[in-house]
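Colleague: After the structure tokens below, expect a handful of questions from me.
Any read-out appearing in this document is the output of simple, stated calculations on the displayed coordinates, not a laboratory observation. Owing to the predicted nature of the structure, the values given are computational and were not obtained by experimental measurement. Neighbour counts run over all protein chains shown; Cβ positions are idealised from the backbone, glycine included.
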Amino acid sequence: MVERLDCGTDDIRLDRFVSDSIDGYTRSFFGGLIDDGKVTVNGAVITKSGYKLKAGDIVEVDVPEPVETDMKPQDIPLDIVYEDDDLIIINKAQGMVVHPGAGHRDGTLCNALLYHCDGKLSDINGVIRPGIVHRIDKDTSGLMVAVKNNETHMKMAEMMASHSIKRQYRALVYGIVKHDKGVVDAPIGRGGGDRRKMVVTEDGKPSVTHFEVVKRYSEATDLKLILETGRTHQIRSHMTYIGHPVLGDPLYAPKRKDYGLKGQCLHSASIEFVHPRTGELLSFQADIPGYYKEVLSKLYPI
């Protein structure tokens, strides 16, 4: 289904214009379509979400037909930190896949949410990941948000896009990080010959990660990290870029000592945002889990 739009405003971002013009989809969804070459301006394919339109431009968007999910509800235990009629905060265990995909048709967080919420989850963006506003990797543990209705989903997606949701992570990284605090400001995109990896590249999307040393060890450093942006694999990619990949990371540090880990030692430790309906400030923390503490017990402080 191709949507034809007439731009009547100068200097508006392409992704913003499209999301404002077509109901039922988030700005990040259209950002993905733009990346995939599904959007044209005056007949030319544009692959930059931040492309600035001019009044009179003709924008065409190839919107995929809605897909009904065949996901089945499954009675899988969840560590629920908070829940109301609009949203639910989960403390996800390491090793739990967020949504079905190749090799993971069931047993995912989405399957568990469908059961727990009796199917009452948002179905925006053509439904593949019901209720999911943002995701964390299978082997990353900690806090993430799911939503129960489309109105909340749209508002939370806009909050994500405007960076008004504060997220803090903990990570153990290889080596000794010299600076007590720092900022990695480097664009991230796909590259390096492996489509699974995100790398720092001048053609990538702006990406900013703040870090602070919690404690140094003889072989590793415990870090607190704050995301200013939310790119795929942002922390894993940025830490690799500065020479300190995350401990146990099977993709970015496959040949390094894994300390018995079954995946990267990365934990979503806190999240804070204003409730999109009530206006209440919500703040949640999740202590570092057992696998993280076990690795710490094997390290020697310096």
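Colleague: With Kirkwood's inverse mean 1/r over C-alpha pairs for Rh, give me the Rg to Rh ratio of segment 2-62, two decimals please. List each step's numbers first, then the result.
Modeller: Working: Rg = 9.9 Å, Rh = 11.0 Å.
Taking Rh as the inverse mean 1/r over Cα pairs, Rg/Rh reads 0.90.
Colleague: Same structure, new question: Tell me which GluC sites (Glu not before Pro) from segment 134-207 have a DSSP coil assignment and no more than 14 other beta carbons within 10 Å of their own.
Modeller: GLU202
Colleague: To continue, here is another question. Given springs between every Cα pair under 10 Å in a Gaussian network model of the chain, which of ARG277, ARG236, ARG135 has the largest fluctuation?
Modeller: Between ARG277, ARG236, ARG135, it is ARG277 that shows the largest mean-square fluctuation.
Colleague: Projecting each Cα onto the charge dipole of the chain (Lys/Arg +1, Asp/Glu -1 at the beta carbon, about the Cα centre), which of GLY43, ILE89, GLY8 comes out farthest on the positive side?
Modeller: The residue sitting farthest along the positive end of the dipole is ILE89.
Colleague: Could you pull out the GluC sites (Glu not before Pro) across segment 1-89 that fall in loop regions by DSSP (anything but H, G, I, E, B) with no more than 16 other Cβ atoms inside 10 Å?
Modeller: Hits after loop and neighbour filter: GLU68.
Colleague: Could you give the length gained on full extension between GLU158 and HIS275, defined as 0.36 nm per residue of separation minus the Cα-Cα distance, in nm?
Modeller: Values: separation 117, 0.36 × 117 = 42.12 nm, distance 1.26 nm.
Extra length from GLU158 to HIS275 when fully extended: 40.9 nm.
Colleague: Okay, next question. Give the distance, in whole Å, between the Cα centre of segment 228-269 and the Cα centre of segment 15-46.
Modeller: 31
Colleague: Report the full-extension gain for the segment VAL213 to LYS52: residue separation times 0.36 nm, less the Cα-Cα distance, to one decimal in nm.
Modeller: The span from VAL213 to LYS52 would gain 54.1 nm if fully extended.
Colleague: Now, a different point. Let me spell out the model: positive unit charges on the Cβ of Lys and Arg, negative unit charges on the Cβ of Asp and Glu, origin at the Cα centre of segment 80-162. What dipole size does that give, in debye rounded to 20?
Modeller: Value, rounded to 20: 280 debye.
Colleague: Might you report the magnitude of the Cβ-based charge dipole of the chain about its Cα centre, with Lys and Arg at +1 and Asp and Glu at -1, to the nearest 20 debye?
Modeller: On the way: 39 positive and 43 negative charges, 294 e Å.
Charge dipole, the chain, about its Cα centre: 1420 debye, nearest 20.
Colleague: Say the dipole of the chain comes from +1 at the beta carbon of Lys and Arg and -1 at that of Asp and Glu; which of ALA171, ASN111, PRO276 then lies farthest toward its positive end?
Modeller: Going by the charge dipole, the pick is ALA171.
Colleague: For segment 2-62, what is the charge dipole size about the Cα centre, in debye to the nearest 20, if Lys and Arg each add +1 at the Cβ and Asp and Glu each add -1 at the Cβ?
Modeller: 180
Colleague: Which whole-number percentage describes the relative contact order of the chain, with Cα contacts under 8 Å and a sequence gap of 6 or more?
Modeller: 14
Colleague: Let me ask another. Per q in 0.17, 0.18 1/Å, what log10 I(q)/I(0) does a Debye calculation on the alpha-carbon atoms of segment 80-162 return?
Modeller: Reported log10 I(q)/I(0), two decimals: -0.63, -0.71.
Colleague: Any chance you could run the full-extension gain for ASP194 through ILE80? It's 0.36 nm times the residue separation minus the Cα-Cα distance, nm to one decimal.
Modeller: Contour length minus the Cα-Cα distance gives 37.5 nm.
Colleague: Just to be sure I understand: if I project the alpha-carbon convex hull of the chain onto a plane and average over all orientations, what area do I get in nm²?
Modeller: Dividing the Cα hull surface by four gives the mean projection, 16.4 nm².
Colleague: Cα-Cα over 23 Å: which of LYS52/LYS205; LYS92/LYS293; LYS178/LYS224?
Modeller: Table pairs above 23 Å Cα-Cα: there are none.
Colleague: Which net charge results when you count Lys and Arg as +1 and Asp and Glu as -1 among the other residues whose beta-carbon is under 13 Å from that of ASN42? Don't skip to the answer; put the middle values down first.
Modeller: Working: positive: ARG4, LYS54; negative: ASP6, ASP57, GLU60.
Around ASN42, the surrounding residues sum to -1.
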